[in-house]
1. What does the C-alpha gyration tensor say about the overall shape of region 127-214? Classify as rounded when a/c is under 1.5, otherwise prolate if a/b is larger than b/c, or oblate.
2. Going by alpha carbons, how many degrees (0 to 90, nearest 10) lie between the helix axis of 22-32 and the longest principal axis of the chain?
3. Just the number, please: carbon plus sulfur as a percent of the accessible area of region 1-133, 1.4 Å probe, no ligands or DNA/RNA counted.
4. To the nearest Å, what is the center-to-center distance of region 134-174 and region 31-53, using C-alpha atoms only?
5. Per residue, how many Å² of accessible area does the chain show with a 1.4 Å probe?
6. Want the number for Glu165 to Ala211: 0.36 nm per residue separation, take away the alpha-carbon distance, what's left?
7. Specify, per residue and in Å³, the volume enclosed by the convex hull of the alpha carbon atoms belonging to region 4-211.
8. Going by a ≥ b ≥ c, the root eigenvalues of the Cα gyration tensor, does region 69-178 fall in the rounded group (a/c under 1.5), the prolate group (a/b larger than b/c) or the oblate group?
Amino acid sequence: MITPRLLPQMLTAIVAVIENNAEEVTQLDQVIGDGDHVTNLQRGLQALVLQQDEISLLDWPKAWQKIGMTLMSSVGGASGSLYATLFMALSKASTGSDISLASFATAFAEAVEAVKKRGKSEAGEKTLLDVYVPVADYLLSVANQSLELNSVLTEVSEVAIKGMEATRDMLATKGRASFLEARSLGHIDAGAKTAQLMISSIVEVLTKALATPA
Ligand code: ADP
Ligand code: MG
């Protein structure tokens, strides 16, 4: 079963992938943002690492709530409040400790809707939503099919990569990058890049966990 006990492993993988890509992402955020995206994220990740033992004992709705609150109080910047919104909305949209693909897909789609509202933005505006919206759409599309979880996870990673890549040719209309107008063309959005890296890390941890039954 996939429980919050996997959170420490997920966090370890995420911290590593953000560290390994810190320079590249910072460069992206320096071109079209203010260069602080990696530091903002790392502040949130450090705060979560300090709480991870406690959080991993909770059920999913409570774990997501605690993650959201921790991010809200530790991360500055637009991405901090957007991620806090994502997790708090995920918590609100979930009930009970048992999650299925179908229930997660519905809750995740609601959480992504909440992020859109909070950021007053949509997919196609060169932000992290260009990763989260297609992932949410894909999950909803397979929610009621009886696919192997493994193949769903592999596809999630592919969809995230495609979404991230697509931001390269988008014109930023939200966030700091929008001040640059056409100069944002040709560069991947930093927030989309880290979203994809984090999703792919989570997919890897889940794929491994599914292959080694407890
Ligand atoms: P800030 O923009 O406040 O410096 P960060 O640098 O941490 O915050 O995060 C920047 C990322 O946040 C962007 O690359 C983009 O993906 C995302 N972002 C910024 N504003 C919005 C918004 N209104 N809606 C969705 N995502 C946004
Ligand atoms: Mg920034």
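The values are calculated or read from the model by the stated rules, or taken from the named source; none is laboratory data. Because the structure is predicted, anything quoted here is derived from the model rather than measured. For neighbour counting, all protein chains shown are included, and Cβ atoms are generated from backbone atoms with ideal geometry for every residue, glycine included. To get the accessible areas, we keep the full protein, side chains included, count just its heavy atoms, and leave off ligands, DNA and RNA. Shrake-Rupley method; radii C 1.70, N 1.55, O 1.52, S 1.80 Å.
1. Cα axes put region 127-214 in the prolate bin.
2. Value to nearest ten degrees: 50.
3. 55 percent
4. The two parts, judged by their Cα centres, are 23 Å apart.
5. 50 Å²
6. 13.6 nm
7. Measuring per residue, one finds 102 Å³ for the Cα hull of region 4-211.
8. Oblate.
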